[in-house]
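Novice: This is the structure I have questions about; it appears just below.
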Amino acid sequence: MKRIGAIRTLRFAVGTAGAVAFAFSLDYGQAIMTPLLASVFLGAPSPRPTLRVMTGILVAAALGMGVGLLSSLLLIHVPSVLFLSVGLMLFRIFLSAVRGTGAFLVLMLLLGVLMVPVVGTIDSQLALDFVNDFLINLVLALAFVQAAFQLFPDPKTEALTKPAPPTPPPTAQLAYAVQRTAIFLPLFAVVVSLQMTSQLQALLFAVILSLGAQPGSGAKASLPMLGGAAIGGGMAIVIYLLTSMYHEFMLLMLLTFLALLIIGRGQFSDRPSAVYFSSAKGAMLILISSTSSILGDETGDKFMARLSSILLAAGILALGLPLAAHLFPARRPRPAEPSTAEAS
């Protein structure tokens, strides 16, 4: 592994593990969001976020959460209008994503538009509390990101980022936005209609997972999502079994740190398997949140329910992306017709 890969692995493992220890120790509202968001930031091959970048992320999060809160307050009793408005917003967000908008900004907008109305189906005050807790967790996550970069800065002699992929043609951009909307709008409609707030973290995982799929991904490119969820789920099962036997918080943290080291080493490598490990961290962190309390008999039921939801979400994306690409393919541009002079 190159020096920059080793530094990024240590930064990812230490920063995310520190966020896990902080969140699980204090057990505040939506505590899992702090390490989960920190892992997304630290798991990307990006330079240290500047104050301007962090401000943009916070503004995007506030905007997405505000739109989601407004939708839940005004349209929650008119499901057809709610689904139509959310569908239009999803299309616009995914279109911005394929046109080059930063992945973190897109993530914040998607989480607000999709998750807040789900909570709003129960109570508007709960939706407002969700927004407040999320923004607090985002600030904490960014603090851990900065601390991790301070401890393990990137070397100045090596490239910090990979070159951006080429922007697809307009027809492919529209197809990408339609395909993603065709996947997430039905999921959102089902979760809202059935008030499945217990599936909120699975929806969160699906959103994070979808951002790693490139436009036009077929079955070969989308299957790593399912494999990554299986890797993260397997690690979480080992952690759950060991912590259930010994009931030690320090053991939980040690195992979590070792698992993050393995994931970090895998995702920052140049091997083809890197895509699997990039998908594994979200599944593992969401699942170990079921073991964080290590209390009572409900932990096992909660863990298995979340494991099933995570694998289902990954399976829906792995199968849904190729299906959506088949149903809504990008139209090929028509070749230019020869002029009359050329024809003669």
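What follows draws every value from the coordinates through simple rules; no lab data is involved. Predicted model only: the values in this text are computed from it and were never measured. Positions of Cβ are backbone-derived with ideal geometry, glycine not excepted, and every protein chain shown enters the neighbour counts.
Novice: Determine, for each peptide in 313-322, 73-82, the mean count of other beta carbons within 10 angstrom over its residues, then list the peptides with the highest first.
Specialist: 313-322, 73-82
Novice: Could you tally up the Lys pairs in the chain with alpha carbons closer than 21 Å? Skip any pair fewer than 8 positions apart unless they're on separate chains.
Specialist: On the way: Lys2/Lys156; Lys2/Lys162; Lys162/Lys281; Lys220/Lys281; Lys281/Lys302.
Pairs that pass both the separation and distance tests number 5.
Novice: Considering the range 1-88, what Rg and Dmax in Å follow from its alpha-carbon atoms?
Specialist: 17.8, 55
Novice: Determine the calculated [θ] at 222 nm for the chain from helices alone, applying -39500 (n - 2.57) to every DSSP H run no shorter than 4 residues and normalising by the residue count; nearest 500 deg cm²/dmol.
Specialist: Numbers: 13 runs with 256 residues, N = 344.
So the helix-based figure for the chain works out to -25500 deg cm²/dmol.
Novice: Just the C-alpha atoms of the range 80-119: what Rg/Rh do they give, with Rh taken as the Kirkwood radius?
Specialist: Details: Rg = 10.5 Å, Rh = 10.5 Å.
With Rg and the Kirkwood Rh in hand, the quotient comes to 1.00.
Novice: Using only the alpha-carbon atoms, how far is helix 274-288 inclined from the longest principal axis of the chain? Give it as 0 to 90 degrees, nearest 10.
Specialist: Tilt of helix 274-288: around 50 degrees.
Novice: Which angle between 0 and 90 degrees, to the nearest 10, do you get for helix 219-246 versus the longest principal axis of the chain when only C-alpha atoms count?
Specialist: Tilt relative to the chain: about 10 degrees.
Novice: Another question, if that's okay. Pop out the Kirkwood hydrodynamic radius of the chain from its pairwise C-alpha distances, inverse of mean 1/r, in Å to one decimal. Walk me through the numbers on the way to the answer.
Specialist: On the way: mean 1/r = 0.0479 Å⁻¹.
Hydrodynamic radius (Kirkwood, Cα only) of the chain equals 20.9 Å.
Novice: Sticking with this structure for a sec: Pairing the Cα long axis of helix 3-26 with the longest principal axis of the chain, what angle in degrees results, from 0 to 90 and rounded to the nearest 10?
Specialist: Compared with the principal axis, the helix lies near 60 degrees.
Novice: Show me 51-63, 255-267, 191-203 ranked by packing, highest mean number of other Cβ atoms within 10 Å first. The partial results should precede the final answer.
Specialist: Details: 51-63: 15.7, 255-267: 21.6, 191-203: 17.5.
With the highest mean Cβ count within 10 Å placed first, the list reads 255-267, 191-203, 51-63.
Novice: With a cut-off of 8 Å between alpha carbons and a minimum separation of six or more residues, what is the relative contact order of the chain in percent? Numbers along the way, then the final one.
Specialist: Values: 445 pairs, mean separation 87.2, N = 344.
Dividing the mean separation by the residue count of the chain yields 25 percent.
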